[in-house]
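Peer 1: Once you've had a glance at the structure underneath, I'll fire off some questions.
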Amino acid sequence: MKLDELVKYWKREEQAAKMTGWDFSHIAGRFSDGDDDLGWDFKSIVCSYLHDTDELLDTDTGGGEFLMSLGHPHEKTSATEGWPPNVRYCKEHLIPLGIDFRAADDPSALPFPDAKFDIMINRHGEYDPKEVYRVLKPGGIFLTQQVGEENDRALITRLLPDAEKTYPGHNLRTQTALFRDAGFIITEQAEAFRPIRFFDTGALVWFAKIIEWEFTGFSVDRCITQLADTEREIRRSGAV
């Protein structure tokens, strides 16, 4: 494919970059996120602690996809989300089920009383350890799976060489220290580095536009040279 044809293709993907919830089906088969090779299964870990009688809170729930996969009783389930498109989606899909959904975008001010929840989960979202401690019952459990400061760095700097880290200091060592300072006892911890891989530059364009908080300032027009280099690398090695 010639460069002018590639640019047209990339711009179509750029225009298509819209998402409700946390749904990457648009680029299914064109990338690998590495989640299947982490060394743990977050859902299994959550389920090993969760009982039907527990009050459960999921913060930064996205579209509630992971939360709903747990099958927890709706009347015992609460959730928050701050991104406006997902807030609308959750209001339409979670509240009618009886889930206590609240729009909230400040992890330091959760809209719940003290000591309300037995278990709180957060998958790839923001949190404030002191606020987590506040809303958990004595002996309550917080479970989280995060992306760290090195997340997507190779891809980000490939397209945006001068980009700064989105979450400097967000790593296992610093975060466990913050939780201990907030009063938590750490019972399980693990860290893995599994880079996401792309087999198609169009999928990468779509992803970079969606994950705008990491790929700050990305556009096809700005990054044509880097995208062309990436296309050559994919043709040579099969993925980046």
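The values are calculated or read from the model by the stated rules, or taken from the named source; none is laboratory data. Every value quoted in this text rests on a predicted model; they were computed, and no experiment measured them. Don't worry about glycine lacking a Cβ; one is built from the backbone with ideal geometry, like all the others, and counts go over all protein chains shown.
Here's the yes/no breakdown for (1) more than 20 Å from the chain's Cα centre (by Cα); (2) without any contact (Cβ under 8 Å) to a residue 12 or more places away in the chain; (3) closer than 30 Å to residue 236 by Cβ:
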| position | (1), (2), (3) |
| --- | --- |
| 134 | yes, no, no |
| 149 | no, no, yes |
| 156 | no, no, yes |
| 166 | no, no, yes |
| 176 | no, no, no |
| 182 | yes, no, no |
| 191 | no, no, no |
| 208 | no, no, yes |
| 211 | no, no, yes |
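Table: residues versus (1) touching a Phe, Trp or Tyr at 6+ places or on another chain (Cβ under 9 Å); (2) at pLDDT below 95.
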site: 145; (1), (2): yes, no
site: 153; (1), (2): no, yes
site: 163; (1), (2): yes, yes
site: 182; (1), (2): yes, no
site: 186; (1), (2): yes, no
site: 194; (1), (2): no, yes
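Peer 1: Would you check which residues across the range 52-83 are under 19 Å from the mean Cα position of the chain (by Cα), loosely packed, with under 15 Cβ neighbours inside 10 Å and among the charged types (D, E, K, R) and list them?
Peer 2: Residue satisfying the conditions is 65 alone.
Peer 1: What number of residues in the range 118-128 are more than 29 Å from residue 219 (Cβ to Cβ) and assigned to a loop (DSSP other than H, G, I, E, B)?
Peer 2: Here the count works out to 2.
Peer 1: So, one more: Take residue 144 and tell me if it is among the hydroxyl-bearing types (Ser, Thr, Tyr) and over 30 Å from residue 6 (Cα atoms).
Peer 2: Spelling it out, residue 144 is indeed among the hydroxyl-bearing types (Ser, Thr, Tyr) and over 30 Å from residue 6 (Cα atoms).
Peer 1: In addition: Going through 128, 114, 41, 54 one at a time, which residue ends up being over 20 Å from residue 208 (Cα atoms) and touching a helix residue (DSSP H, G or I) at 6+ places or on another chain (Cβ under 6 Å)?
Peer 2: On the way: 128 fails: touching a helix residue (DSSP H, G or I) at 6+ places or on another chain (Cβ under 6 Å); 41 fails: touching a helix residue (DSSP H, G or I) at 6+ places or on another chain (Cβ under 6 Å); 54 fails: touching a helix residue (DSSP H, G or I) at 6+ places or on another chain (Cβ under 6 Å).
Of 128, 114, 41, 54, the one residue that is over 20 Å from residue 208 (Cα atoms) and touching a helix residue (DSSP H, G or I) at 6+ places or on another chain (Cβ under 6 Å) is 114.
Peer 1: What about residue 71, is it touching a Gly at 6+ places or on another chain (Cβ under 6 Å) and either closer than 30 Å to residue 197 by Cα or not aromatic (Phe, Trp, Tyr) (or both)?
Peer 2: Taking the combined requirement at face value, the residue does not satisfy it.
Peer 1: Do we have residue 188 as touching a strand residue (DSSP E or B) at 6+ places or on another chain (Cβ under 9 Å) and of a type in the set (Asp, Glu) here?
Peer 2: Yes: the conditions hold for residue 188.
Peer 1: A further question follows. If only one of 9, 49 is closer than 19 Å to residue 127 by Cβ, touching a residue at least 40 places away in the same chain (Cβ under 8 Å), surrounded by 14 or more Cβ atoms within 10 Å (Cβ to Cβ) and more than 18 Å from the chain's Cα centre (by Cα), which one is it?
Peer 2: Details: 9 fails: closer than 19 Å to residue 127 by Cβ.
Going through 9, 49 in turn, the sole match is 49.
Peer 1: Could you go through the range 110-121 and let me know if any residue there is within 17 Å of residue 23 (Cα to Cα) and either among the charged types (D, E, K, R) or surrounded by 19 or more Cβ atoms within 10 Å (Cβ to Cβ) (or both). Talk me through it step by step, then tell me what you get.
Peer 2: Of the range 110-121, the ones within 17 Å of residue 23 (Cα to Cα) are none.
No, the range 110-121 contains no residue that is within 17 Å of residue 23 (Cα to Cα) and either among the charged types (D, E, K, R) or surrounded by 19 or more Cβ atoms within 10 Å (Cβ to Cβ) (or both).
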